[in-house]
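Asks: Sharing a structure, written as C-alpha cells. Questions coming.
The values are calculated or read from the model by the stated rules, or taken from the named source; none is laboratory data. As the structure is a prediction and not an experimental result, all values here were calculated from the model. Here the Cβ positions follow ideal geometry from the backbone for every residue, glycine too, while neighbour counts run over all protein chains shown.
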Amino acid sequence: MTLRFCDSERKLEELAAGAQAFDRVVAAGGDGTASALCYALRETGVPILVYPAGTANLLAQNLGMPVEPRQLADMTLNGSVVEFDLGELERASTSGPGTVKSGFAVMAGAGYDAAIIEGAAPFKANMGAAAYLFAAVSNLAPTPAHFVLDMDGEEVVTDGIAVLVMNFGRLQFDLPIALGADPRDGLLQVAILRQRSVAALVPAVVAGFSGADKLPGVDVYTAKRVTVMAEPALSIQYDGETLAAVTPFTARALPRATTLLVPADSEYAG
C-alpha cells in the first residue's frame, strides 16, 4: 500500500503517476480532489474508490457510497466496478494565451452556483455542508445574466442566474436538478436557472424534493458539448472548486472515461 498526500506543493497529476501499477486507488477528500483524480486517471481503467472526506461529497452521495470506514474498506476490495462518464471543462487561461482544461465528475457551472461555493468557503470548516445553505440565503439577489449557449451546434438564448452542466443529477441535500441524468450515456445535462431571485427558486426546490417531473423555472437540455457565454461575464466553478476565470467556457462529455467502485446495492451496480 502506498499513501500520497495532497498539498499546495505538488500537483495531483504528479501524485497519480504510476497509479496503473496498483489494483485500486482511493481518493480521500472532497469532490474537487475526487474529480481531479478521476480526470488524471481517465481512460486508464484503474478502479477508484471515492472516500467521502470533504464537505459536500456530492459524487459519493450520487454513487450511494457508505460513510462508515469499515464498509468503505470492504468496498475497496469487493465493490462493483463501473465505468462512468466525465465532463471536461475548457476556459481561457488567466496567466497567458491559450486555454486550460479540467475534469469534473458531478457538475460545472457559472453564476449563482459559483457565488454560493465562493461564499461558503470561509465557513465550511465549522459549518460543514450547512455552509452552502448559509451562503445561499446570504446572497438573496444573485446577478442575472443574458446567456447564449451553443449545444452541439444548436443555439439557445435566455436569461437567468446560473447555468449548470451536469454529469450526475443531484446537488447538495440530495436535491434533483437534472432529472433523468445518466452518467454513463455519453451526454451532459445543461440546466438553466431562469429565476431572477432566491425567492423565485423556492418553488423549484419544493418541486424537486416532492419528486416532480419538471422544476418550475428550470430548463434542462441534453448535449455532448456546450459552450456557455454570459453578459455580464460570470464566475465559474467545477465540483466545488471556484476559478479565477469567468465565462465563456466549453464543457464536453468524455464517455466512460473513469472507472469507479460502487456498492453492490447502488443503482449503477450490475
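Asks: Assess whether residue 200 counts as being outside any strand (DSSP E or B) and either outside the structural domain of residue 129 (by TED's automatic domain parsing) or without any contact (Cβ under 8 Å) to a residue 40 or more places away in the chain (or both). Write out each step before concluding.
Replies: On the way: outside any strand (DSSP E or B): yes; either outside the structural domain of residue 129 (by TED's automatic domain parsing) or without any contact (Cβ under 8 Å) to a residue 40 or more places away in the chain (or both): yes.
Yes: the conditions hold for residue 200.
Asks: If you don't mind, another one. Against the condition surrounded by fewer than 16 Cβ atoms within 10 Å (Cβ to Cβ), touching a Ser or Thr at 6+ places or on another chain (Cβ under 9 Å) and assigned to a helix (DSSP H, G or I), how does residue 120 come out, does it pass?
Replies: Values: surrounded by fewer than 16 Cβ atoms within 10 Å (Cβ to Cβ): no; touching a Ser or Thr at 6+ places or on another chain (Cβ under 9 Å): yes; assigned to a helix (DSSP H, G or I): yes.
No; evaluated as a whole, the condition is false for this residue.
Asks: Would you confirm, using the coordinates I've provided, whether residue 101 is modelled with pLDDT under 85, of a type in the set (D, E, K, R) and either exposed (fewer than 15 other Cβ atoms within 10 Å of the Cβ) or in a helix (DSSP H, G or I) (or both)?
Replies: Details: modelled with pLDDT under 85: no; of a type in the set (D, E, K, R): yes; either exposed (fewer than 15 other Cβ atoms within 10 Å of the Cβ) or in a helix (DSSP H, G or I) (or both): yes.
The answer is no for residue 101.
Asks: Moving on to the next point. Determine whether residue 182 is of a type in the set (Asp, Glu), surrounded by 14 or more Cβ atoms within 10 Å (Cβ to Cβ) and touching a residue at least 40 places away in the same chain (Cβ under 8 Å). Working first, answer last.
Replies: On the way: of a type in the set (Asp, Glu): yes; surrounded by 14 or more Cβ atoms within 10 Å (Cβ to Cβ): yes; touching a residue at least 40 places away in the same chain (Cβ under 8 Å): no.
Against the criterion (of a type in the set (Asp, Glu), surrounded by 14 or more Cβ atoms within 10 Å (Cβ to Cβ) and touching a residue at least 40 places away in the same chain (Cβ under 8 Å)), residue 182 does not qualify.
Asks: If you go through region 200-217 one residue at a time, do you hit one that is touching a strand residue (DSSP E or B) at 6+ places or on another chain (Cβ under 9 Å) and modelled with pLDDT of 90 or more?
Replies: Checked against the condition, which is being touching a strand residue (DSSP E or B) at 6+ places or on another chain (Cβ under 9 Å) and modelled with pLDDT of 90 or more, region 200-217 yields no hits at all.
Asks: Tally time: how many residues in region 142-176 are touching a Lys or Arg at 6+ places or on another chain (Cβ under 9 Å), more than 18 Å from residue 251 (Cα to Cα) and outside any strand (DSSP E or B)?
Replies: 3
Asks: When you go through 131, 108, 115 one by one, which is the residue that is touching a Lys or Arg at 6+ places or on another chain (Cβ under 7 Å), surrounded by 14 or more Cβ atoms within 10 Å (Cβ to Cβ) and within 16 Å of residue 172 (Cα to Cα)?
Replies: Details: 108 fails: touching a Lys or Arg at 6+ places or on another chain (Cβ under 7 Å); 115 fails: touching a Lys or Arg at 6+ places or on another chain (Cβ under 7 Å).
Answer to the check: 131.
Asks: A further question follows. In region 99-122, how many are within 20 Å of residue 36 (Cβ to Cβ) and either among the aromatic types (Phe, Trp, Tyr) or without any contact (Cβ under 8 Å) to a residue 12 or more places away in the chain (or both)?
Replies: Our first condition is that a residue be within 20 Å of residue 36 (Cβ to Cβ); within region 99-122, this holds for 99-110, 113-114, 117-118, 120-121.
Keeping just the survivors that are either among the aromatic types (Phe, Trp, Tyr) or without any contact (Cβ under 8 Å) to a residue 12 or more places away in the chain (or both) gives 99, 104.
Within region 99-122, residues that are within 20 Å of residue 36 (Cβ to Cβ) and either among the aromatic types (Phe, Trp, Tyr) or without any contact (Cβ under 8 Å) to a residue 12 or more places away in the chain (or both) number 2.
Asks: I've got another one for you. Quick one: in region 237-269, of everything that is touching a helix residue (DSSP H, G or I) at 6+ places or on another chain (Cβ under 6 Å) and over 18 Å from residue 60 (Cα atoms), which residue is surrounded by the fewest Cβ atoms within 10 Å (Cβ to Cβ)?
Replies: 242
Asks: Provide a single number: the residues in region 222-249 that are hydroxyl-bearing (Ser, Thr, Tyr) and either closer than 28 Å to residue 52 by Cα or not in a strand (DSSP E or B) (or both). Walk me through how you get there before you give the answer.
Replies: First, pick out the residues of region 222-249 that are hydroxyl-bearing (Ser, Thr, Tyr): 222, 227, 235, 238, 242, 247.
From the residues that got through so far, the ones that are either closer than 28 Å to residue 52 by Cα or not in a strand (DSSP E or B) (or both) too are 235, 238, 242, 247.
Residues meeting the conditions: 4.
Asks: Going residue by residue through region 159-174, is there one that turns out to be without any contact (Cβ under 8 Å) to a residue 24 or more places away in the chain and surrounded by fewer than 17 Cβ atoms within 10 Å (Cβ to Cβ)? Let's see the steps before the verdict.
Replies: Filtering region 159-174 down to residues without any contact (Cβ under 8 Å) to a residue 24 or more places away in the chain leaves none.
Checked against the condition, which is being without any contact (Cβ under 8 Å) to a residue 24 or more places away in the chain and surrounded by fewer than 17 Cβ atoms within 10 Å (Cβ to Cβ), region 159-174 yields no hits at all.
Asks: Under the condition of being among the polar types (S, T, N, Q) and either in the same structural domain as residue 172 (by TED's automatic domain parsing) or not in a loop (DSSP other than H, G, I, E, B) (or both), which residue from region 9-57 is surrounded by the fewest Cβ atoms within 10 Å (Cβ to Cβ)? Before the answer, list the steps.
Replies: At the first step, the residues of region 9-57 found to be among the polar types (S, T, N, Q) are 20, 33, 35, 44, 55, 57.
From the residues that got through so far, the ones that are either in the same structural domain as residue 172 (by TED's automatic domain parsing) or not in a loop (DSSP other than H, G, I, E, B) (or both) too are 20, 33, 35.
Numbers: 20: 11, 33: 22, 35: 30.
Across region 9-57, the extreme among qualifying residues is 20.
Asks: Restricted to region 144-158, and to residues that are closer than 21 Å to residue 215 by Cβ and either more than 21 Å from the chain's Cα centre (by Cα) or small (Gly, Ala, Ser) (or both), which residue is surrounded by the fewest Cβ atoms within 10 Å (Cβ to Cβ)? Steps first, answer last, please.
Replies: Applying the first criterion (closer than 21 Å to residue 215 by Cβ) to region 144-158 yields 144-145, 147, 149, 151, 156-158.
Filter once more, so that each one left must be either more than 21 Å from the chain's Cα centre (by Cα) or small (Gly, Ala, Ser) (or both): 144-145, 156-158.
Numbers: 144: 18, 145: 22, 156: 16, 157: 9, 158: 13.
Of everything passing the filter in region 144-158, 157 is surrounded by the fewest Cβ atoms within 10 Å (Cβ to Cβ).
Asks: Taking the residues in region 93-133 that are of a type in the set (Phe, Trp, Tyr) and more than 15 Å from residue 31 (Cα to Cα) as candidates, determine which candidate is farthest from the chain's Cα centre (by Cα). Break it down into steps so the answer makes sense when it comes.
Replies: Our first condition is that a residue be of a type in the set (Phe, Trp, Tyr); within region 93-133, this holds for 104, 112, 123, 132.
Pick out the ones that are also more than 15 Å from residue 31 (Cα to Cα) and you get 112, 123.
Details: 112: 14, 123: 20 Å.
Residue satisfying both the conditions and the ranking: 123.
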